[in-house]
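Asks: Starting off with a structure, shown below.
The values are calculated or read from the model by the stated rules, or taken from the named source; none is laboratory data. These figures come from a predicted structure and were not determined experimentally. Here Cβ is always computed from backbone atoms with ideal geometry, including for glycine, and neighbour counts include all displayed protein chains. For the accessible areas, the whole protein counts, side chains as well, though only heavy atoms, and no ligand, DNA or RNA atoms are used. Shrake-Rupley method; radii C 1.70, N 1.55, O 1.52, S 1.80 Å.
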Amino acid sequence: MFDLEPSDPGTESGNAASSCVSIKIVRTEEQLSMVMQRFTAYIIQVTAFGVVSEVGHRYGDFETLHRSLLTDCPHLRLPPLPPKGVDGTDAAVIRSRTVELEKLMRTMLSMPEVLTEKNLHFWKFLELTNPTIITTRFVAVPHSRGSSFKTLGKLVDPKYKDDIFRVAHPAVVELLMEGLQELRQGQSNSGHWVRHGGRTVLCQLLGAALGASETIRNKLLQQNLMGQLLGLVERDEEALDDARIALNIIVARESERMDALMASLLRSGGLSQLAALVQRERCQEFVAKLLWLSWEKAVRGVFAQPGGQGLRILQALLRSNSGLCALLGGVLLGGLVAGGEFDEEPGHRTEAVRLVRESLSNTDGADDPAFGKTLCGSNGAMVKLAMLTEDPELAPLVLGLLCAAKPQPAKLSRIAGNLAAVVSDKTGTRHSEETRARAAELLLHVQSGGTADYSTSTSRSSAYGGGGSAGQSRGSWSQSDGGRSGGYPSSSPAPVELERCEGIAEHEESLDAALRRQLEDGFSRSHESLQTRGVAVHEAADMARRRLKEFPPLSFDSVAQAFASFKSSRDMWRSKSQESEMLLHDMQRQLSELKVARPSTLDPHTYKERLLAAERIYAEVKSQREQLAAAELEAAEKQARADTTSSESRQAANQVRQLEDEINSLRIQRSEKEMQATRLQHRASTPNVDAMRQQIEASIERSVSRAKELQTIGQRVNQGDPDYLRDGESKQQKIAQLTQELATLKKQHEALVQQKQDLEFDPVKLQEEASKLQSEALELHRKSEELEHRRLEADRERGTKMTSSTIDTQEARAAQDRRQMIATQLASTESEAPRQM
């Protein structure tokens, strides 16, 4: 399990945590405590790496969390909690607390000290698991990323299969790619965080991210992840096993478009990387397998250039000390020949065929199960092998390689139609007898399910069917091909595999030829063996007779030993002769049965008509499938073009809006500066400034004098002088009147002082400031005019792109409709096919 070791608190921002974990108080609920007291629970919605959960806490829980964090992290600066001592169930209090508590939680989430404190108070409060904690620390706390990365590697353990999706988060993947770049180009003593966990952990996490999310996988492939991994191996071949972890995921998940990915890699410098790797013996097998998995026309075209790096790579594989690499190199070169890459240069083709023959003539190591799995491991590989069997010069070499490899019958059955076409080449003008014999051997291997040995051994009768009839061999084929009995459909037909209907008529005939050819070959070899052994028996008998005539008179013991040896040899040869005769009779019987064997007792012409009808149905389905594939490709291309033009249209619209915002901003600034300049000019041209100053100063003096007079009166009134009191006026009333009048004088005095300060200015300086502001306003006007011109051009471009986007969208929709129509027709044909068959 995860060991969450404490990390030293850092000073870097942890705001990146919000990209992984988000917090929001979505509602409140009134609940009862254990002692039946009502309290308000704040329901927190926690979204961690896309997984949404809710957890409820009362105010006291927030208070405990706040206190615990301050205790464990004394230097932590947390915002204060909302005040306590008020009614916690009051609606206004709850609304206020909700806002403050949510702000507090988000602040905690942004603080590295909170995220890395050893007691996990914050994480336990949110009820988050250890995988979430360590992944968030890896993203959000850079200073402890090394230790977090090392712990993060434990997520690849199978017991965390439900948590591995977190490594496919964009923030995590971005950091993993940074680490890969560091391993490829950085120094080993750089102190980068990736050096703490190591290369293996990084590749395992990248593989997990590739397998967890198709979106992330496509993004990584667009970022040339394959090239990055090859570059890692190119720098250090010890990284090969680690890089394979991620590359195997790519091969497994992207097998359908592996050729396109490989072609893109080769165009972006991958050919040079493969040329460097193939020079290292440890990497040759990896290069050969990678090429064979993607050996389609787009990739072959890169390798067929005379004198180029591609051919040098294949030459290195052909010269490899590894038998598997040499064989795969021959098959790859044969693919170039069969694909017509050398048709324009007959001399190059002849030389390539010679190299293929030299490589594939030695099949040592072909019986290795690993080689068979590589050679025939995918449906695409079988299609490529089928293409090789169509070339008369390459067919015997490839078929011999398959005979030596003995792949699984289920895989080999994919090209049974091609093998049948080779066997049924009755004229022999296209394929030699050797080629047809090897094709027949592979066909029998397919029909027997891989349980029988159709080699040239003659020591056991089971090698040719274990004494069974030819009909038994045909029956095994019938069961594997739709449950037929005697070659015809039963009353309750099993699901029909339309792909196996192609060439089924020729396939049925070629089975007879394959069985007959194997039996005739075994019979001739057994006959030759019997003749050889018969000569040996006669020689032994003659030798025994000579020795009996020359019986030495004085060596009776030796004579007895020689006679006993003779009897033993005679018995042994007699037994072998009887076994050979039995084998010969058994073969003759099987050959006779084969000559008169038929798929069933029904009319062969009717049976063949049905087979041809099935083949016609499959041809129609195959044609519709090809049309559907072409329509899907066209729809995908037009949709991609529509998406591109739509994106360009949106970008153009955004550019226009941005220019309009800039123009409006400049116009506002210009207006403000013009208004400021106008105010300054108006102030500088104020008339009679000196007279106004003198009037204000005189008013200030009068105000001060009157204030002093009022203060003197107030003092006299306080002293009890009645001269300042009117009839019926009390002392308090007079004091209040004087206080009010003094307050009024004070406000007037402050206003006069402010007016005096406002008149304290230099008209020349004000005019200079006004001129400067006017110049700035003119400059802003010039910039706004330039931006307006750019906006008009951008607006025209936006209109053009919007038109293109509309047209492309309509074309994409039409292509999708056509694809849907073809798919509907294909589904109808496929559903109708079993009934017709």
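Asks: Find all pairs meeting these conditions: Cβ atoms under 7 angstrom apart; at least six residues apart or on different chains; first residue within region 701-712 and under 16 Å from Glu750 (Cα atoms); second residue surrounded by 11 or more Cβ atoms within 10 Å (Cβ to Cβ) and not acidic (Asp, Glu).
Replies: Ser703/Leu745; Ser703/Gln748; Ser703/His749; Ser703/Leu752; Arg706/Leu745; Ala707/Leu742; Ala707/Leu745
Asks: Then there is this: Please list, ordered by residue number, the helices (runs of 4 or more DSSP H) wholly in region 158-212 having 1 or more residues that are more than 17 Å from Ile249 (Cβ to Cβ).
Replies: Helices (runs of 4 or more DSSP H) meeting the threshold: 170-185, 194-197.
Asks: Let me ask you something else. Considering only region 807-832, state which residues are over 22 Å from Ala642 (Cα atoms), of a type in the set (Ser, Thr, Tyr) and surrounded by 14 or more Cβ atoms within 10 Å (Cβ to Cβ).
Replies: If the condition is that a residue be over 22 Å from Ala642 (Cα atoms), of a type in the set (Ser, Thr, Tyr) and surrounded by 14 or more Cβ atoms within 10 Å (Cβ to Cβ), then Thr829 is the only one that fits.
Asks: So the check is Cβ under 7 Å with 6+ separation or different chains; which pairs have a first residue in region 118-129 that's acidic (Asp, Glu) and a second one that's at pLDDT 90 or above and open to solvent by less than 30 Å² (accessible area, probe 1.4 Å)?
Replies: Glu127/Val55
Asks: Restricted to region 60-81, and to residues that are touching a Leu at 6+ places or on another chain (Cβ under 7 Å) and not hydrophobic (A, V, I, L, M, F, W, C), which residue is surrounded by the most Cβ atoms within 10 Å (Cβ to Cβ)?
Replies: The qualifying residue surrounded by the most Cβ atoms within 10 Å (Cβ to Cβ) is His66.
Asks: Using beta carbons and a limit of 7 Å, which pairs, at least six apart or on different chains, have the first residue in region 600-616 and buried (at least 17 other Cβ atoms within 10 Å of the Cβ) and the second one modelled with pLDDT under 75 and part of a helix (DSSP H, G or I)?
Replies: Sorted first by the residue in region 600-616, then by its partner, the pairs are Leu611/Ile504; Leu611/Ala505; Leu611/Glu508; Ala614/Cys501; Ala614/Ile504; Glu615/Cys501; Glu615/Ile504; Glu615/Ala505.
Asks: Evaluate the following for Ser148: is it under 33 Å from the mean Cα position of the chain (by Cα) and over 24 Å from Ile43 (Cα atoms)?
Replies: yes
Asks: Of Ala288, Ala298, which residue is open to solvent by 30 Å² or more (accessible area, probe 1.4 Å), within 21 Å of Leu388 (Cα to Cα), out of contact with any Phe, Trp or Tyr (no Cβ under 9 Å at 6 or more places or on another chain) and assigned to a helix (DSSP H, G or I)?
Replies: It is Ala298.
Asks: Within region 542-559, does at least one residue satisfy the condition of being modelled with pLDDT of 75 or more and β-branched (Val, Ile, Thr)?
Replies: So far as region 542-559 goes, no, none of its residues is modelled with pLDDT of 75 or more and β-branched (Val, Ile, Thr).
Asks: Follow-up question, since we're still on this one. If I go through region 301-314 residue by residue, how many of them are aromatic (Phe, Trp, Tyr) and open to solvent by 20 Å² or more (accessible area, probe 1.4 Å)?
Replies: Qualifying residue count, region 301-314: 0.
Asks: Right, next: Checking the conditions here, which among Gly330, Gly347 is assigned to a helix (DSSP H, G or I), among the small types (Gly, Ala, Ser) and at pLDDT 90 or above?
Replies: From the options Gly330, Gly347, the qualifying one is Gly330.
Asks: May I pose another question? Which residues, counting only those in region 27-59, are open to solvent by 60 Å² or more (accessible area, probe 1.4 Å) and of a type in the set (A, V, I, L, M)?
Replies: Leu32, Met34, Val35, Met36, Val51, Val52
Asks: Report, by residue number, each residue of region 360-393 that is among the aliphatic types (A, V, I, L, M) and part of a helix (DSSP H, G or I).
Replies: Of everything in region 360-393, those that are among the aliphatic types (A, V, I, L, M) and part of a helix (DSSP H, G or I) turn out to be Leu360, Ala370, Leu375, Ala381, Met382, Val383, Leu385, Ala386, Met387, Leu388.
Asks: Separate question: May I ask you to list the residues in region 51-106 that are closer than 20 Å to Arg27 by Cα, assigned to a helix (DSSP H, G or I) and polar (S, T, N, Q)?
Replies: Ser96, Thr98
Asks: If you go through region 676-723 one residue at a time, how many are hydroxyl-bearing (Ser, Thr, Tyr), part of a helix (DSSP H, G or I) and closer than 30 Å to Glu776 by Cα?
Replies: Summing the residues that are hydroxyl-bearing (Ser, Thr, Tyr), part of a helix (DSSP H, G or I) and closer than 30 Å to Glu776 by Cα in region 676-723 gives 1.
Asks: Next up: Considering only region 630-667, state which residues are open to solvent by 30 Å² or more (accessible area, probe 1.4 Å), closer than 26 Å to Ser804 by Cβ and either hydrophobic (A, V, I, L, M, F, W, C) or over 45 Å from the mean Cα position of the chain (by Cα) (or both).
Replies: Within region 630-667, Ala630, Leu633, Ala636, Ala640 meet the criteria.
Asks: Take the residues in region 350-367 that are surrounded by 15 or more Cβ atoms within 10 Å (Cβ to Cβ) and at pLDDT 85 or above, then tell me which one is farthest from Leu401 (Cα to Cα).
Replies: Ala352
Asks: Tell me, please, whether a residue that is over 30 Å from Asp661 (Cα atoms), open to solvent by 60 Å² or more (accessible area, probe 1.4 Å) and of a type outside the set (Phe, Trp, Tyr) can be found in region 768-785.
Replies: There is at least one residue in region 768-785 that is over 30 Å from Asp661 (Cα atoms), open to solvent by 60 Å² or more (accessible area, probe 1.4 Å) and of a type outside the set (Phe, Trp, Tyr).
Asks: Say whether the condition of being within 30 Å of Glu674 (Cβ to Cβ), hydroxyl-bearing (Ser, Thr, Tyr) and in a helix (DSSP H, G or I) is met by at least one residue in region 766-779.
Replies: Taking every residue of region 766-779 in turn, at least one turns out to be within 30 Å of Glu674 (Cβ to Cβ), hydroxyl-bearing (Ser, Thr, Tyr) and in a helix (DSSP H, G or I).
Listed here are the residues, each with its yes/no results for (1) open to solvent by less than 100 Å² (accessible area, probe 1.4 Å); (2) at pLDDT below 85.
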residue: Gln669; (1), (2): yes, no
residue: Leu680; (1), (2): yes, yes
residue: Arg693; (1), (2): yes, yes
residue: Lys708; (1), (2): no, no
residue: Thr712; (1), (2): yes, no
residue: Leu725; (1), (2): yes, yes
residue: Leu742; (1), (2): yes, no
residue: Lys756; (1), (2): yes, yes
residue: Val764; (1), (2): yes, yes
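Asks: What's the total number of residues in region 159-189 that are under 26 Å from Met226 (Cβ atoms) and open to solvent by 60 Å² or more (accessible area, probe 1.4 Å)?
Replies: Total meeting the criteria: 10.
Asks: So how many residues does region 263-272 have that are in contact (Cβ under 8 Å) with a residue 24 or more places away in the chain and open to solvent by 20 Å² or more (accessible area, probe 1.4 Å)?
Replies: 5
Asks: A further question follows. Do we have any residue at all in region 244-256 that's among the acidic types (Asp, Glu), in contact (Cβ under 8 Å) with a residue 40 or more places away in the chain and open to solvent by 10 Å² or more (accessible area, probe 1.4 Å)?
Replies: no
Asks: Which members of region 790-806 meet the condition of being open to solvent by less than 80 Å² (accessible area, probe 1.4 Å) and touching a residue at least 40 places away in the same chain (Cβ under 8 Å)?
Replies: Within region 790-806, Arg791, Ala794, Asp795, Arg798, Lys801, Ser804, Ser805 meet the criteria.
Asks: Here's a follow-up. Select from region 397-435 the residues that are under 18 Å from Ala338 (Cβ atoms) and open to solvent by 40 Å² or more (accessible area, probe 1.4 Å) and write down the one among them that is modelled with the lowest pLDDT.
Replies: Arg430
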